[in-house]
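Derivation of every value follows stated rules applied to the coordinates shown; laboratory data play no part. Since the structure is predicted, the reported quantities are computational estimates derived from the model, not experimental observations. In this analysis, Cβ positions are derived from the backbone assuming ideal geometry, glycine residues included, and neighbour counts consider all displayed protein chains.
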Amino acid sequence: MRYNILYVTDLEKSLTFYRDLLGIPIKVQHGTYTELDTGATILALNTRESVRELTNLPVPDKASSSQTFELGFVVEDVIGIVEHLRENGVSVLLEPIIKPWGQTVAYVADPDGHFIELCSSLD
């Protein structure tokens with residue numbers, strides 16, 4: 001099993017983004033820890049405060065302004081999803097474009113500013 005955990009500032013805003021706007025169902029939830037059903041690799045969310053309390057790690061209160069990773073989601077309709085997100089106040093960082101290899105790609109920001117790639121399948 002593989003998983004990634006995003007440390008989020010506001011769990012409800014993040015759930016609205018991932019669950020409600022992107023349509024990713026919740027797999028399991030224990031307090032502030034939430035796993036989303038993203039297939040083979042689990043995407044989990046937990047509040048920064050909770051992670052500090054549970055681990056004693058020096059987790060900052062806010063996301064860094066320097067992004068060093070992205071989460072990518074293969075979707076059926078990149079343009080449609082980007083429009084849906086925009087209508088709901090999500091910041092669009094890169095409008096949908098067709099890459100030289102034929103894939104449609106766009107970038108948005110989640111409530112904590114994490115880069116989210118939305119792309120068509122390479123198949």
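Any chance you could count how many residues in the stretch 56-100 are polar (S, T, N, Q) and either on the phi > 0 side of the Ramachandran plot or surrounded by 10 or more Cβ atoms within 10 Å (Cβ to Cβ) (or both)?
4
Among the residues of the stretch 97-115, write down those that are charged (D, E, K, R), in contact (Cβ under 8 Å) with a residue 12 or more places away in the chain and farther than 16 Å from I24 by Cα.
Selection gives D112 alone.
Of the residues L94, L71, L36, L118, which is touching a His at 6+ places or on another chain (Cβ under 7 Å) and touching a residue at least 12 places away in the same chain (Cβ under 8 Å)?
L71
Give me the residue from the stretch 12-53 that is among the basic types (K, R) and touching a strand residue (DSSP E or B) at 6+ places or on another chain (Cβ under 7 Å) and, out of that set, surrounded by the most Cβ atoms within 10 Å (Cβ to Cβ).
R48
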